[in-house]
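*Asks:* Before I ask anything, here is the structure I am working with.
The values are calculated or read from the model by the stated rules, or taken from the named source; none is laboratory data. Nothing here was measured: the structure is a model prediction, and the numbers come from that model. Ideal geometry is used to build each Cβ from the backbone, glycine not excepted, and the neighbour counts take in all protein chains shown.
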Amino acid sequence: MGWAIGECAIASHMAIISIYLMFYLTEVHHFPGSLAGTLVLIPRVWNIICDPLMGGISDRWRSRWGRRRPFLLFGSLVWAVSFAAMFWIPEQFDLSQKAVWFLVSCFGVNTGLSLYHVPYSAMAAEMTRDYDERLSLVGYKEIAARSTVLVTVMASPLIVRLAPDPMTGNRWVGLATGALILVSGVATFLATERAPAVAFQPQTMTWSEQLKTFKANKPLFVLSGAFLLSSACDAFYSALLIYFVTLGLGQPAASTGFLYPTGSFAAILTTAIWAKNGSRWGKRQACIVAFGSGAACFLLSLLIARGQPWILFPFMALLGTCFAGIFLLPGAMVPDTVEYDEKISGTRREGTIYGAWIFIQQTGMAAGTFVVGVYLDVIGHKAGVTGFSNPQETHLLKLGFALIPAALLIAGILILRHFALARPNSRTVRQ
């Protein structure tokens, strides 16, 4: 539970970035959709180097606090300050100056996130080698994540409404989220003092030898491909949801603060069920079911009519149930690939593997957000305008909300079918 507290920082970040960031850039600062999406995507280039490098550094780090825990403190500090700055773009700046401010702060956010997220996630593979216990461990983390998302998404619109204007309200949201990130990081550092961990291990392999064995970990690459698509799906639907609700269904933006938490609450209630299904059916099969259920749910959104907004609540509950499995099961499968890597390389490289895993997740989310920006421009949305000029554009918005996420999850299923580490193989790896 102490380790799971650390997920609160990550979940609050993900919630704000995926749900409100595009809306903040386009509707508050009037960035064109494609430009806003590009600004979110550009800093990911830095993380091509930063995430894997951070994993390798934490694998080799030696300190009185262990290999991973020191980065929880420093990473959360850099991350928190940069996150607040990202929502503090000076109002008097012109568009190009605002873009530079956002890019610099976003690079800081991604750096701090990498410093924190990679070592934090790598701790999961260190704390237990048991196949089923990992489901339980990641289950605690996912419950913490969904609970944080629920509070964050409900509180953010209320904070904005209490502020004298939207600009000030978004600044308050940035400060509050930054504070939560810092508190979460410090609390996790203190709470995991006695958590099981792998001691410092000298790395005797050359970089070329490490890369060769890393490429041989086919289960990791298969899982990463599916996770990339599910992360892009999550980011795309989360960023487009507020446009779908306001412009597609004619509801106020504040209603998103109640709709998204409905899905989070459903995910909290059903995470344990998905964990049991993963133990009973095997993680891969349960993950395929979760992806398929999510795709079917997105297609059901085509049935939601403009005059029937109440249907959104059971829809979000059903979607949250599906995403509980989509979030939980891949995360519980990564430690199994760590053990497979240990078998073929002869060394523990949790940090290196989780560095690649976090990079995949963040890249998928940035790509999903970028596609939202492009899609808004394609269908004719004008930044700062509260509605569409014709029904055809509204129809395209609803169509994209349903079909694009469903297609991403179906493609993920096709990839997951090639994941080879089912339960028997995982046990063999440990032997």
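*Asks:* Looking only at the range 35-60, how many residues end up being in contact (Cβ under 8 Å) with a residue 60 or more places away in the chain and under 17 Å from residue 112 (Cα atoms)?
*Replies:* 17
*Asks:* To continue, here is another question. When you look at residue 388, is it out of contact with any strand residue (DSSP E or B) (no Cβ under 8 Å at 6 or more places or on another chain), aromatic (Phe, Trp, Tyr), closer than 21 Å to residue 403 by Cα and at pLDDT 80 or above, yes or no?
*Replies:* no
*Asks:* Next question, about the same structure. Whether any residue in the range 2-15 is among the aliphatic types (A, V, I, L, M) and more than 24 Å from residue 353 (Cα to Cα) is what I want to check.
*Replies:* First pass over the range 2-15, keeping only residues among the aliphatic types (A, V, I, L, M): 4-5, 9-11, 14-15.
The next check asks that each one be more than 24 Å from residue 353 (Cα to Cα); those that pass are 15.
Yes: the range 2-15 contains one or more residues that are among the aliphatic types (A, V, I, L, M) and more than 24 Å from residue 353 (Cα to Cα).
*Asks:* Do any helices (runs of 4 or more DSSP H) lying entirely in the range 1-89 carry at least 2 residues that are aromatic (Phe, Trp, Tyr) and either over 21 Å from residue 166 (Cα atoms) or more than 16 Å from the chain's Cα centre (by Cα) (or both), and which ones are they?
*Replies:* 69-86
*Asks:* Could you list all residues from the range 115-129 that are surrounded by 24 or more Cβ atoms within 10 Å (Cβ to Cβ) and over 13 Å from residue 51 (Cβ atoms)?
*Replies:* 123, 125
*Asks:* Identify all residues within the range 92-114 that are among the aliphatic types (A, V, I, L, M) and within 16 Å of the chain's Cα centre (by Cα); write none if there are none.
*Replies:* Hits for the range 92-114 are 109, 113.
*Asks:* Do we have residue 271 as closer than 15 Å to residue 323 by Cα, within 19 Å of the chain's Cα centre (by Cα), in a helix (DSSP H, G or I) and not aromatic (Phe, Trp, Tyr) here?
*Replies:* Yes: the conditions hold for residue 271.
*Asks:* Are there helices (runs of 4 or more DSSP H) fully within the range 128-245 with at least 3 residues that are at pLDDT below 90? List them.
*Replies:* Counting at least 3 such residues, we get 131-162, 207-215, 218-243.
*Asks:* Here's another thing I want to ask about it. Regarding residue 306, is this residue in a helix (DSSP H, G or I) and among the basic types (Lys, Arg)?
*Replies:* On the way: in a helix (DSSP H, G or I): no; among the basic types (Lys, Arg): yes.
In short, no.
*Asks:* May I pose another question? I'm trying to understand the selection: among the residues of the range 280-299, which are over 21 Å from residue 224 (Cα atoms) and touching a residue at least 24 places away in the same chain (Cβ under 8 Å)?
*Replies:* 296, 297, 298, 299
*Asks:* Now, a different point. Specify the residue that is farthest from residue 129 (Cα to Cα); the eligible residues are those in the range 314-346 that are among the β-branched types (Val, Ile, Thr) and more than 19 Å from the chain's Cα centre (by Cα). Give the steps one after another, and end with the answer.
*Replies:* Taking the range 314-346 first, the residues among the β-branched types (Val, Ile, Thr) are 321, 326, 334, 337-338, 344.
Those left that are additionally more than 19 Å from the chain's Cα centre (by Cα): 337-338, 344.
Working: 337: 11, 338: 10, 344: 17 Å.
Taking the candidates together, the pick is 344.
*Asks:* Test each condition in (1) buried (at least 22 other Cβ atoms within 10 Å of the Cβ); (2) in contact with a Phe, Trp or Tyr (Cβ under 7 Å, 6 or more places away or on another chain) for residue 233 and report the one that comes out false.
*Replies:* With (1) buried (at least 22 other Cβ atoms within 10 Å of the Cβ); (2) in contact with a Phe, Trp or Tyr (Cβ under 7 Å, 6 or more places away or on another chain) applied to residue 233, the lone miss is (2).
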